[in-house]
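Here is the structure we will look at, set down as structure tokens.
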Amino acid sequence: MIFNFACIGVGGYIAPRHLHAIKILKHNLILSYDKSNLVGISNKFFPQSLFFNNFSQFKKKFINLKKKINYTVILTPNHTHFDYIKFALSNGSNVICEKPLVLSEHHLKNIQKLEKKYRRKVHTILQLRTLKEVKKLKIKIDKSMHKYDININYITPRGNFYKKSWKGNPKKSGGILFNIGIHLLDLLCYLFGKYTSCTLDKLTNDRATGRIEFSNAKAKFYLSTNKQDLKNFKRKKVVRDFIINNNKIDLVKNNEQAHNDSYREILNKKNFGLSSVKTAIQLAIDLQK
């Protein structure tokens, strides 16, 4: 079956990965919106797609075409996700939204209600779950009776633009635990299930450290966007250490295909829905309580 897509936030950094996935899987982008008119990303993939940089005009066209739109892709700043999800669901469209889906328990509960009300589904991109090494590890952990120790060092320096943009504003991004950490928190919850306790040792705009316990695992994490934290890692520009019982898991290999694989999971198997993502979101919330 060929699906028709609309996209909100088509000018964003991550948009090309979504458009490539839609294109390579032979679906259609028929309508898109971004507040900036200096974007030509959609032309590269879908030159016939309608584009608006005025949301009122986009909304009017969306409503006119809503019977043809199967999925709305949401790639806007984190704090705007809920309103756009509500808009899409209320107009009969399923949703694919970048992580983090939302930033609050209230919005999580409301999405669940909206799904039931409009009989549509909300999905999110869980790209680390699609990696072959992660899938093998998941099978191994599920069959094992062992206890696991996890150490996460995730240092990805960001420049001044990042700090001045919405991503550097905790009220809009949710802070480093949501903006950077949500990928790793989701991976932990995917591998080990529901957490039993969590402790935040330090939280600033550019650093977060803490501990999370599961029934069969203990995890320590160090997240940073501060370049100074690379001093202890010789000649490295980024650090993505996800170490389980002294074995490092490669989270980079085949990562360029991860969005394609996420779309396959969503469109073919109807995976990566609200039930898949809500534990990690709740973990990010609980760490900050």
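Summary of computed values
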quantity	calculated
Positions within the stretch 168-179 being surrounded by 21 or more Cβ atoms within 10 Å (Cβ to Cβ) and either within 16 Å of residue 209 (Cα to Cα) or not hydroxyl-bearing (Ser, Thr, Tyr) (or both), in sequence order	174, 175, 176, 177, 178, 179
Residue in the stretch 197-206 that is among the aliphatic types (A, V, I, L, M), not in a loop (DSSP other than H, G, I, E, B) and not assigned by TED's automatic domain parsing to the domain that holds residue 106 present	yes
Scan of the stretch 4-41 for residues that are of a type in the set (Ser, Thr, Tyr) and within 20 Å of residue 94 (Cβ to Cβ), ordered by number	32, 33
One residue from 61, 67 being exposed (fewer than 14 other Cβ atoms within 10 Å of the Cβ) and either at pLDDT 95 or above or assigned to a helix (DSSP H, G or I) (or both)	67
Among the candidates 162, 222, 148, residue that is crowded, with 18+ Cβ neighbours inside 10 Å and either at pLDDT below 95 or closer than 21 Å to residue 286 by Cβ (or both)	222
Residue list for the stretch 133-143, restricted to those being touching a residue at least 24 places away in the same chain (Cβ under 8 Å) and under 15 Å from residue 214 (Cβ atoms)	137, 138, 141
Subset tally (residues that are touching a Gly at 6+ places or on another chain (Cβ under 6 Å) and within 20 Å of residue 245 (Cβ to Cβ)) for the stretch 176-213	0
Residue within the stretch 266-279 that is under 14 Å from residue 188 (Cβ atoms) and touching a Cys at 6+ places or on another chain (Cβ under 7 Å) present	yes
Residue selected from the stretch 6-52 under the condition of a type in the set (S, T, N, Q), outside any strand (DSSP E or B) and closer than 18 Å to residue 72 by Cβ, by the criterion modelled with the lowest pLDDT	42
Which listed residue is more than 30 Å from residue 115 (Cα to Cα), at pLDDT 95 or above and in contact with a Leu (Cβ under 7 Å, 6 or more places away or on another chain), from 200, 187	200
Test for residue 284: is it at pLDDT 95 or above and either small (Gly, Ala, Ser) or within 17 Å of residue 221 (Cα to Cα) (or both)	yes
Residue among 186, 142 that alone is assigned to a helix (DSSP H, G or I), buried (at least 21 other Cβ atoms within 10 Å of the Cβ) and among the charged types (D, E, K, R)	186
Hits in the stretch 266-282 - residues which are in contact with an Asp or Glu (Cβ under 6 Å, 6 or more places away or on another chain) and in a helix (DSSP H, G or I)	280
One residue from 210, 174, 159 being of a type in the set (Gly, Ala, Ser) and within 18 Å of the chain's Cα centre (by Cα)	174
Condition check for residue 25: touching a Ser or Thr at 6+ places or on another chain (Cβ under 7 Å) and either hydrophobic (A, V, I, L, M, F, W, C) or without any contact (Cβ under 8 Å) to a residue 12 or more places away in the chain (or both)	no
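The values are calculated or read from the model by the stated rules, or taken from the named source; none is laboratory data. Note that the coordinates shown come from a computational prediction; the quantities given were computed from them, not determined experimentally. Note that we place each Cβ from the backbone using ideal geometry, even for glycine, and neighbour counts take in every protein chain shown.
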